[in-house]
Amino acid sequence: MPDLPFAYHAALGVALDGLATIGVRLDPRGRQVIDGHLRLLAAWNPAVNLTAIMDPVGLAERHVADSLAAIPVILDGPHRTLIDIGSGAGFPGIPIGAAMPGLRLTLVESTGKKAAFLRVVAAEPGLARRVDVRAERAEAIAPGDWDVVTARAVGALADLVELGLPLLRRGGRLIAWKRGDLAVELAAAGRAAQAMGGSPPWWRPHPDAVQDAAHLAGHGVAVIEKRSPTPEGYPRDPARRKRRPW
Ligand code: SAM
């Protein structure tokens with residue numbers, strides 16, 4: 001597998017200094033898991049096209065640091081089990097799993113070649129036996145009792161509410177990576193959450209020290225807590241969601 005270049009290690013070092021100020025630290029095993037994931041990504045990406053971001057600084061900042069930045073938010077609620085919807089090349093699920101060695105992780109990815117890659121990563125030391133990969137659409141997963149649902153770059157927040165709330169236990173939380181002007185998206189997600197037993201969404205920008213250290217200005221997460229059981233009939237199929245969006 002290819003070595004990771006100096007620019008990656010340098011950028012990740014600065015980002016990790018910023019993350020340490022908010023209490024996010026990687027032990028040596030966690031760092032090995034993250035570097036191993038990225039080496040596999042570098043080996044597979046030319047043939048399989050798993051991600052558009054492959055420059056060393058982008059990998060460190062936009063993939064790894066952006067994923068790790070929400071760990072304090074995850075630790076604020078129940079966090080024994082986590083399901084990541086639309087994992088793609090493994091973000092944010094794999095870095096979070098690397099930093100939280102007690103976490104049981106489910107990665108859901110509907111594109112077969114990406115799920116095949118995730119299975120290879122999940123078999124690596126430090127992840128094996130606690131990471132499950134599901135090669136299917138999130139809509140096809142039976143309602144569950146996960147503590148946390150995560151999603152990054154997978155769709156509108158209201159759609160994620162519809163996909164994610166049925167998978168959560170009561171008190172569990174949907175955490176979706178977002179950035180930019182979110183007023184309209186948060187309002188629509190609020191209507192969806194109200195219909196499905198969720199709290200109003202709240203917005204947690206990544207702390208300034210992390211935004212500065214990892215060049216993540218404006219990045220953060222939207223959070224919705226499941227407060228009551230999801231009514232029957234959700235998630236609707238994608239065609240019906242398109243006809244009647246929130
Ligand atoms: N989360 C990754 C990241 O931030 O780098 C990947 C983002 S990529 C833009 C979106 C991924 O979600 C794609 O790999 C796509 O196949 C997957 N996806 C989209 N809708 C999905 C669904 N309903 N169920 C499972 N996977 C889905």
Evaluation of I141 against (1) more than 10 Å from the ligand (Cβ to nearest atom); (2) open to solvent by 10 Å² or more (accessible area, probe 1.4 Å) (one fails), failing number: (1)
Tell me which of these R169 doesn't satisfy, since it passes every other one: (1) in contact with a Leu (Cβ under 9 Å, 6 or more places away or on another chain); (2) part of a strand (DSSP E or B). (1)
Considering the stretch 83-120 alone, what residues qualify as being more than 12 Å from the ligand (Cβ to nearest atom), in contact (Cβ under 8 Å) with a residue 40 or more places away in the chain and assigned to a loop (DSSP other than H, G, I, E, B)? P101
Testing V133 on (1) open to solvent by 20 Å² or more (accessible area, probe 1.4 Å); (2) in a strand (DSSP E or B); (3) among the aliphatic types (A, V, I, L, M), one condition comes back false. Which one is that? (1)
Just a yes or no: is a residue in the stretch 71-82 buried (at least 20 other Cβ atoms within 10 Å of the Cβ), under 11 Å from the mean Cα position of the chain (by Cα) and within 14 Å of the ligand (Cβ to nearest atom)? yes
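Where residues in the stretch 147-157 are more than 8 Å from the ligand (Cβ to nearest atom) and buried (at least 23 other Cβ atoms within 10 Å of the Cβ), which of them is nearest to P238 (Cα to Cα)?
Pass one, the stretch 147-157, residues more than 8 Å from the ligand (Cβ to nearest atom): 147-150, 156-157.
After this cut, where a residue has to be buried (at least 23 other Cβ atoms within 10 Å of the Cβ) as well, the list is 148-150, 157.
Working: V148: 23, V149: 19, T150: 19, L157: 14 Å.
Ranking the candidates gives L157 first.
Based on this model, can you work out whether G58 counts as over 15 Å from D132 (Cα atoms), open to solvent by less than 30 Å² (accessible area, probe 1.4 Å) and without any contact (Cβ under 8 Å) to a residue 24 or more places away in the chain?
yes
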Can you name the residue in the stretch 212-246 that is touching a Lys or Arg at 6+ places or on another chain (Cβ under 9 Å) and over 24 Å from P143 (Cα atoms) and is also most open to solvent (accessible area, probe 1.4 Å) among such residues? H215
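When you go through A193, A188 one by one, which is the residue that is in a helix (DSSP H, G or I), small (G, A, S) and open to solvent by 10 Å² or more (accessible area, probe 1.4 Å)? So that I can check it myself, show each step before the final result.
Numbers: A193 fails: open to solvent by 10 Å² or more (accessible area, probe 1.4 Å).
From the options A193, A188, the qualifying one is A188.
The values are calculated or read from the model by the stated rules, or taken from the named source; none is laboratory data. As the structure is a prediction and not an experimental result, all values here were calculated from the model. All Cβ positions, glycine included, derive from the backbone under ideal geometry; neighbour counts span all protein chains shown. Accessible surface areas use protein heavy atoms only, side chains included; no ligands, DNA or RNA. Shrake-Rupley method; radii C 1.70, N 1.55, O 1.52, S 1.80 Å.
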